[in-house]
Amino acid sequence: MNPNMSDEATVCLKEKDIQKLRESEGGVEFEVDEYQNADEEEEEAFPPEDILNNVYIPDEEDEDDDDELSPFQKLAKKMEDISGDGGVKKRVLHPGGGSIVPEGAIVRVHYNAFLEYADEPYDSTRLRNAPERYKLGQNQLLPGLEICIRTMKKGELAQLLVSPDYAYGKLGVEPRIPGNSTVMFKLELMNFVEHAGIEDYDMMTKEERDKIEFSDILKFVEVERQLGLQVYKERAFHKAFGHYKKAAIMLESRHVKDEEEEKVHRGKLFTLYSNMAVCASKQNKFNLVMTYCNKGRDIEPNNVKLLFLQGKAHRRSSHFEVARDMLKRAQRMNPNNTEINKELQELDKDIKKFSLVEKDMYQKMFSKPTGQSAEEKEKENLKAKKKLEKNLNVTDDFQKMVEEKLLEFIKDNLQDDMPFPALNLSVGEIACIMEKCENLGLDCKQIGSGQHYRLKITKMKIEETAK
């Protein structure tokens, strides 16, 4: 970052949409999982409620210090010079673990940034409740921050003082940051990952990629896998799917030379296919779920989790018999799994709910049989009319069930469309669903025919005006 910058929008760290990475546990098959809670918070070294602390709270031993010293000067006495010229000083508040951040890594950080004598931070990822990600060596950070990060380990919390030459220079960033300001950061390194030159791979020709050693391909795959795992935990499932797919394509196009490479190759692909199936499930893209469950089961045919996922996708696509078969197979292999048993219960409920009215009447109702007398025809028409009237009636329980389902769908921010089985519904029930969708601002379309006939309900997207 240019220390003489004047753009107020980049007060502390530039707001760029860069690649999202995080260090993760390696080698775990089926690592993104419908069984687990993807929203679990990472343990943080200091809680968000501490972000409005004063710039400097003296320790007890500071009471006898020279009162003529400023808070930052007192703080500097307890810090280590890490720049070599006194421009960047650091104190470790909470040690991290593992290796030190390598050059070119992509890091994920939380920070509070203070001016001297200020009562609250002038910039804070804690206030925004959103850690930042940066690639080192790309001028995306203040020089002082980058120097500090390159001395840190994962999970480390540090306090640092950054002089104007390593921060905002002589001009500062008026009006928020005066010129020649020394600033203090409370900086936490959440995690990092070695970048492995992924952009170089993207720019290679097919011939160049084919010449890369298998061990180096695995490094590129690992970068994309970690990218996917990070954004998955942030619930950006479509982005996670893209990263896993990119990694899978790298492996699918790769020929292995021996059994050892083949074993690693198949294991990595299984993990990626499984993760892609989970991401597709989170987006209600059930055809993709089935596709990647099948790919994963080509490697491990009896994998319980893939059978569960595939059965769930078939249930939500109204393929009830196929869903029951897969879920029962999964249950036989893991009879005490609560999620599988719960899914079978949901399947039974769906079959009952969407089989409220069994009808097979349309052709008979509107056919014009020959050889009937006027009286017989009148009786037939009267019978058809009564049957139609009965078919148009909708019970209060059905209306309540539909409204509850639609309201649940509206509240679910992760679900943009919802298939609604309609094969066994009456004309009145279909009309009821469509009317309630219209009243709630949902779009309802009739799709398919015969046994594949269903309703597709989607949320209407409001186009944002350009800013």
For segment 407-445, what are the residues that are at pLDDT below 80 and among the aromatic types (Phe, Trp, Tyr)? Phe420
Those residues that are modelled with pLDDT under 80 and open to solvent by 60 Å² or more (accessible area, probe 1.4 Å), I need them from segment 341-357; list them, please. Lys352, Lys353, Leu356
Has segment 281-293 got at least one residue that is free of Cβ contacts under 8 Å to residues at least 60 places away in the same chain, part of a loop (DSSP other than H, G, I, E, B) and open to solvent by 40 Å² or more (accessible area, probe 1.4 Å)? yes
Taking only segment 254-267 into account, find how many residues are open to solvent by 70 Å² or more (accessible area, probe 1.4 Å) and either at pLDDT below 90 or touching a Lys or Arg at 6+ places or on another chain (Cβ under 9 Å) (or both). 2
Hey, could you check segment 407-433 for residues that are closer than 16 Å to Asp396 by Cα and surrounded by fewer than 19 Cβ atoms within 10 Å (Cβ to Cβ) and say which is nearest to the chain's Cα centre (by Cα)? Ile430
Among the residues in segment 271-284, are any farther than 30 Å from Thr458 by Cα and modelled with pLDDT of 90 or more? yes
Is there a residue in segment 109-121 that is outside any strand (DSSP E or B), hydrophobic (A, V, I, L, M, F, W, C), modelled with pLDDT of 85 or more and surrounded by 20 or more Cβ atoms within 10 Å (Cβ to Cβ)? no
Of all residues making up segment 60-99, the number that are at pLDDT 90 or above and open to solvent by 90 Å² or more (accessible area, probe 1.4 Å): 5
Among the helices (runs of 4 or more DSSP H) confined wholly to segment 123-242, which include 3 or more residues that are out of contact with any helix residue (DSSP H, G or I) (no Cβ under 6 Å at 6 or more places or on another chain) and open to solvent by 20 Å² or more (accessible area, probe 1.4 Å)? 198-203, 206-210, 214-233
The conditions are (1) loosely packed, with under 15 Cβ neighbours inside 10 Å; (2) modelled with pLDDT of 65 or more; (3) not hydroxyl-bearing (Ser, Thr, Tyr), and Gly450 fails exactly one of them. Which is it? (2)
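The values are calculated or read from the model by the stated rules, or taken from the named source; none is laboratory data. Keep in mind that what you see is a predicted model, and the values were worked out from it rather than measured. Neighbour counts are summed over all protein chains in view; Cβ atoms, including those assigned to glycine, are modelled from backbone coordinates with ideal geometry. To get the accessible areas, we keep the full protein, side chains included, count just its heavy atoms, and leave off ligands, DNA and RNA. Shrake-Rupley method; radii C 1.70, N 1.55, O 1.52, S 1.80 Å.
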